[in-house]
Amino acid sequence: MKAMEQYWNPILETLPREQLQKLQFKKFHNIFKWAYEHSKFYYKLYSDAGIEPGDIRTFDDIRKVPKVEKSMLRAIQGKEPYPYGDILCVPLEQVTEYHQTTGTTGQPVFQADTWQDWEWCAESWAYILYAQGYRNRDRVFLPFGYSTAIAFWQAHYASEKIGCEVIPGGVLNTEARILKMQELRATALMATPTYVLGMADVARRKLGIDPAKDLQIKKITVAGEPGGSIPATKKRMEEAWGAKVYDHVGATEIGAWSFECTYQSGLHTNDALFLVEIEDTDTGELITEPGRKGKMVITAFDRIAQPCIRFDSKDIIEWSPDKCQCGRTFRLIKGGVIGRADDITKVKGVLLAPTSIEEVVRSIPELGDEYEVLVAKKGDIDDITLKVELLPGQESKTDLVKTKLTDQLRLKTSLGYNLEFHKYNTLPRYDVKSKRFKDLRHKE
Ligand SMILES: [Zn+2]
């Protein structure tokens, strides 16, 4: 029996699976009925499909409920009630929070929340931070201006809810943020993997500060990019900071649906607040067993202003065969979000997940953190170029690194690459989210 103080919600996090599923069904039914009765968008979607709350009698009936896609949300956006459209289930007077998606492609999706939703958002993040060992003695540094992005606002409120002290590090530049963390002896940090590595690099090169020795950061929560679940990237971050790195994946429209705990066995899905389903991308068949990749379809049970019901997230995930030592009954997914159904592109007929390239590059110690992948068409043939940087002093090892890269890339991705070696610190650096994978084939 595990000590109960490790859980934010000891009852829900250890509920036997059978009871958890009963709870999920009840909660699904509630949010489905709520949306059917309060949102014109959902009412039309469900009426057109000939389904109403009375038709959802068993857990398996959930599969009959039509899915929602981002393009559908974009299509109603800008209409009344402005700017969210008729998905809204509450009067505009009850909306207290505005956020928007941060994706790099397409029009952002607007997200409305009521104050009740916002408290729920903080609650869902409290599960994450508590599971990662955040407690009321922690001093948490958030090195961003969060603007209209939702994740770090939620993290901020959740930290306060747990009782941590929060230092918002927006406006400051990278050097000033590092010095502030040092001055205030911050114990925890949240950022994207790109920025966690970027800050460590700036600390060493420009300030002569070694984050692992000179700062007191003991845990780092990463989000926004897959790096936290890529072993080689995680190792680099942990070594650079002398801290434990924990992954979290969430999305603006859905919420904070997964987290890694201190045992670092993979991402737990928060099964008390969300229903995570995995579907075969070709057949649409439900995947419940480990080891098969599929597309995530997700429902947030308790968010009422703009509900997210059977949202087709396009995220590719798979169930893990492992059981976590922490004793939570929440399921585990393996390797985080492996990619998106949209951008796991076919190159030379082979499915390529950009995360596999990152895993290879960052597992080679002679290489720096940065890299860039360009996929282009040469005649009818796809052509992939991988640009990497050798660390200072490693230039004589170019041939050795070339062999390692070629072999490992062939093994992990079944593809051949043109390799380009660049001088250290010459590839583009990114502050928050990176754009290291560039598919140029569709641009005419
Ligand atoms: Zn665990």
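The values are calculated or read from the model by the stated rules, or taken from the named source; none is laboratory data. As the structure is a computational prediction, the values presented were derived from the model and not from experiment. Heads up, the Cβs are rebuilt from the backbone with ideal geometry, glycines too, and the neighbour counts pull from every protein chain shown. All accessible areas refer to the heavy atoms of the entire protein, side chains included, with ligands and DNA or RNA removed. Shrake-Rupley method; radii C 1.70, N 1.55, O 1.52, S 1.80 Å.
Do you know which residues across segment 76-96 are without any contact (Cβ under 8 Å) to a residue 40 or more places away in the chain and open to solvent by less than 60 Å² (accessible area, probe 1.4 Å)?
Scanning segment 76-96 gives I76, Q77, G78, P81, P83.
Taking V360 as the residue in question, decide whether it is closer than 30 Å to R205 by Cα, more than 16 Å from the ligand (Cβ to nearest atom) and at pLDDT 95 or above.
So V360 fails the test.
Report, by residue number, each residue of segment 240-255 that is under 19 Å from Y146 (Cβ atoms) and away from the ligand (no atom under 16 Å from the Cβ).
G250, A251, T252, E253, I254, G255
Mind checking whether some residue in segment 334-341 is away from the ligand (no atom under 16 Å from the Cβ), farther than 30 Å from R205 by Cα and small (G, A, S)?
Taking every residue of segment 334-341 in turn, at least one turns out to be away from the ligand (no atom under 16 Å from the Cβ), farther than 30 Å from R205 by Cα and small (G, A, S).
Six or more apart or on different chains, Cβ under 6 Å: which pairs go from a residue in segment 111-134 that's touching a residue at least 24 places away in the same chain (Cβ under 8 Å) to one that's aromatic (F, W, Y) and surrounded by 23 or more Cβ atoms within 10 Å (Cβ to Cβ)? Could you list them?
That search, which allows pairs on different chains as well, returns A112/Y84; I128/F259; A131/F259; Q132/Y246.
Given the conditions (1) within 18 Å of the chain's Cα centre (by Cα); (2) hydroxyl-bearing (S, T, Y); (3) farther than 18 Å from A131 by Cβ, which single one is not true for T281?
If we test T281 against (1) within 18 Å of the chain's Cα centre (by Cα); (2) hydroxyl-bearing (S, T, Y); (3) farther than 18 Å from A131 by Cβ, just (1) comes out false.
Would you confirm whether any residue within segment 105-119 is closer than 17 Å to D302 by Cα, hydroxyl-bearing (S, T, Y) and outside any helix (DSSP H, G or I)?
Within segment 105-119, one or more residues are closer than 17 Å to D302 by Cα, hydroxyl-bearing (S, T, Y) and outside any helix (DSSP H, G or I).
For every residue, the table says whether it meets (1) at pLDDT 95 or above; (2) of a type in the set (K, R); (3) touching a Ser or Thr at 6+ places or on another chain (Cβ under 6 Å); (4) more than 30 Å from T192 (Cα to Cα).
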{"position": "R63", "(1), (2), (3), (4)": "yes, yes, no, yes"}
{"position": "K67", "(1), (2), (3), (4)": "yes, yes, no, no"}
{"position": "K70", "(1), (2), (3), (4)": "no, yes, no, no"}
{"position": "I87", "(1), (2), (3), (4)": "yes, no, yes, yes"}
{"position": "P91", "(1), (2), (3), (4)": "yes, no, no, yes"}
{"position": "E97", "(1), (2), (3), (4)": "yes, no, no, no"}
{"position": "G103", "(1), (2), (3), (4)": "no, no, no, no"}
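Looking at S71, S124 in this structure, which one is surrounded by fewer than 16 Cβ atoms within 10 Å (Cβ to Cβ) and in a helix (DSSP H, G or I)?
Exactly one residue qualifies, and that residue is S71.
Counting just the residues of segment 41-68 that are in contact (Cβ under 8 Å) with a residue 24 or more places away in the chain, open to solvent by less than 60 Å² (accessible area, probe 1.4 Å) and not in a helix (DSSP H, G or I), which one comes out nearest to M296 (Cα to Cα)?
V68
Which residues, taken from segment 65-89, are touching a helix residue (DSSP H, G or I) at 6+ places or on another chain (Cβ under 7 Å), farther than 21 Å from A251 by Cβ and not acidic (D, E)?
The one that is touching a helix residue (DSSP H, G or I) at 6+ places or on another chain (Cβ under 7 Å), farther than 21 Å from A251 by Cβ and not acidic (D, E): P81.
Restricted to segment 286-300, and to residues that are at pLDDT 95 or above and open to solvent by 10 Å² or more (accessible area, probe 1.4 Å), which residue is farthest from the ligand (Cβ to nearest atom)?
Of everything passing the filter in segment 286-300, L286 is farthest from the ligand (Cβ to nearest atom).
Filter segment 201-241 for residues that are of a type in the set (G, A, S), under 16 Å from L189 (Cβ atoms) and under 23 Å from the mean Cα position of the chain (by Cα) and give the result.
Listed by number, the residues that qualify are A223, G224, G227, G228, A240.
Grab the helices (runs of 4 or more DSSP H) fully contained in segment 147-223, keeping just those with 1 or more residues being within 16 Å of R429 (Cβ to Cβ).
Fully inside segment 147-223 and qualifying: 174-184, 193-207.
All but one of (1) buried (at least 18 other Cβ atoms within 10 Å of the Cβ); (2) part of a loop (DSSP other than H, G, I, E, B); (3) more than 16 Å from the ligand (Cβ to nearest atom); (4) of a type in the set (S, T, N, Q) hold for T283; which doesn't?
Going through (1) buried (at least 18 other Cβ atoms within 10 Å of the Cβ); (2) part of a loop (DSSP other than H, G, I, E, B); (3) more than 16 Å from the ligand (Cβ to nearest atom); (4) of a type in the set (S, T, N, Q) one by one, T283 breaks only (1).
Which of the residues spanning segment 213-241 are farther than 29 Å from K314 by Cα and open to solvent by 40 Å² or more (accessible area, probe 1.4 Å)?
Across segment 213-241, the qualifying residues are K213, D214, Q216, K218, E238, E239.
Go through segment 4-21 and report how many residues are in contact with a Leu (Cβ under 9 Å, 6 or more places away or on another chain) and closer than 13 Å to D271 by Cβ.
Summing the residues that are in contact with a Leu (Cβ under 9 Å, 6 or more places away or on another chain) and closer than 13 Å to D271 by Cβ in segment 4-21 gives 3.
Could you say whether any residue in segment 308-326 is in a strand (DSSP E or B), modelled with pLDDT of 95 or more and within 16 Å of the ligand (Cβ to nearest atom)?
The answer is yes; a qualifying residue exists.
Please go through segment 176-193 and pick out each residue that is within 25 Å of V249 (Cα to Cα) and of a type in the set (K, R).
Once the filter is applied, which keeps residues that are within 25 Å of V249 (Cα to Cα) and of a type in the set (K, R), segment 176-193 yields only R177.
I'd like the residue in segment 407-444 that is of a type in the set (S, T, Y) and closer than 12 Å to E389 by Cβ and, out of all such residues, is surrounded by the fewest Cβ atoms within 10 Å (Cβ to Cβ).
T426
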